[in-house]
1. Counting Lys and Arg as +1 and Asp and Glu as -1, each charge on the Cβ, what is the dipole of the chain about the Cα centre in debye, to the nearest 20?
2. Please report the spacing between the Cα centers of region 134-172 and region 39-76 in Å, no decimals.
3. Just to be sure I understand, if you calculate percent of Cα pairs over 31 Å apart for this structure, which of (i) 13; (ii) 18; (iii) 25 do you get?
4. If you plug each phi of region 48-54 into the Karplus form 6.51 cos²θ - 1.76 cosθ + 1.60 with θ = phi - 60°, what whole-Hz ³J(HN,Hα) values come out, in order, with x for Gly and Pro?
5. Do any trypsin sites (Lys or Arg not before Pro) in region 35-116 lie in a DSSP loop with no more than 10 other beta carbon atoms within 10 Å, and if so, which?
6. Could you calculate the contour length gain from Thr151 to Arg108, that is, 0.36 nm times the residue separation minus the distance between their Cα atoms, to one decimal place in nm?
7. Would you mind ranking Ser184, Ser109 so that the residue whose beta carbon has the fewest other beta carbons within 10 Å leads the list?
8. Expected output is a single nm value to one decimal: the length gained when fully extending between Arg201 and Asn20, i.e. 0.36 nm times separation in residues minus the C-alpha distance. What is it?
Amino acid sequence: MTYTLTKPLTFDEFVAQYGNDFRYELADAEVIDMEPTGTHEAVGGKIAAKISIAIANADFPWCIPRTCLLRPFGEVATSRRPDVVVLDEIALTDEPRWEKEPVITLGRSVKLVVEVVSANWETDYARKLEEYALLGIPEYWIVDFRGLGGTAFIGRPKQPTLTVCTLDAEEYKQQQYRLGEPISSPLLPALKFCLDDVLPR
C-alpha cells in the first residue's frame, strides 16, 4: 500500500527531510510512503546482484548506488527512488548535485532503472514509464513478481511478469517475460537469468 503524507514540499525540502530515507518518494509536491516489504526488497536485491555481475563482466564504467533520487523534471516537485538504478560514472561528472548528495537530474547519467511492483502498480506501469522515457533512460524494467498489474499491462491470466522497456526515439518498446523464460536486455546482452531466479524463496 502507498500512502500520501499531508504537507506539500518542494524538491529541496524533500531532499533535506527524506533524502536518506528509502521509504519515500515525492510526486507533485506530495510525499509518498512506499511501504516496502521484505519480499519486495529481496527481489530488488537479487536483481541488483544479477546486474552488478553483468556490469563487472562487461567492464562497463557503471555503478549501482545504494540509494539514489531521480528528479525527472526541474519545474515539478517530483523525485523518484527506483528499486535499482544503474548510473554511468563518467556522466556523473556533469551532475550538479552528485558530489554533495545522491541526486540525479540528467537523464544521460542513467543507463537502467528497475521498479519492483507493489500495490501501487499503476504508477510503475504508467506514470514512471512516461517519466523515465522523457528523461531518456535507455532501459526500464518493471518486475511484477506477484502478477499485480492490470490485465492491460500483463495480460491474462495474470501471472508473474518482468517487462523490459527499451527506449526507441521517445517511447519505450516493451517485451514481457514469464516464469522460465530467459530475460534479454539490449543494454546487457551477456546478462542471463529468468524471473524464477529472483523470486522470494
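1. Numbers: 21 positive and 31 negative charges, 139 e Å.
Dipole size: approximately 660 debye.
2. Result: 17 Å between the Cα centres.
3. Read-out taken from this structure: (i).
4. Working through the residues one at a time gives 4, 5, 4, 5, 4, 5, 5 Hz.
5. Counting only loop positions with at most 10 other Cβ atoms within 10 Å, the trypsin sites (Lys or Arg not before Pro) in region 35-116 are Arg66, Lys100.
6. Working: separation 43, 0.36 × 43 = 15.48 nm, distance 3.22 nm.
So the extension gain works out to 12.3 nm.
7. Numbers: Ser184 13, Ser109 23.
Fewest to most other Cβ atoms nearby, the residues stand as Ser184, Ser109.
8. Numbers: separation 181, 0.36 × 181 = 65.16 nm, distance 2.88 nm.
Using 0.36 nm per residue and subtracting the Cα-Cα distance, I get 62.3 nm.
Each value in this text was obtained by applying a stated rule to the coordinates, not by laboratory testing. Since the structure is predicted, the reported quantities are computational estimates derived from the model, not experimental observations. Here Cβ is always computed from backbone atoms with ideal geometry, including for glycine, and neighbour counts include all displayed protein chains.
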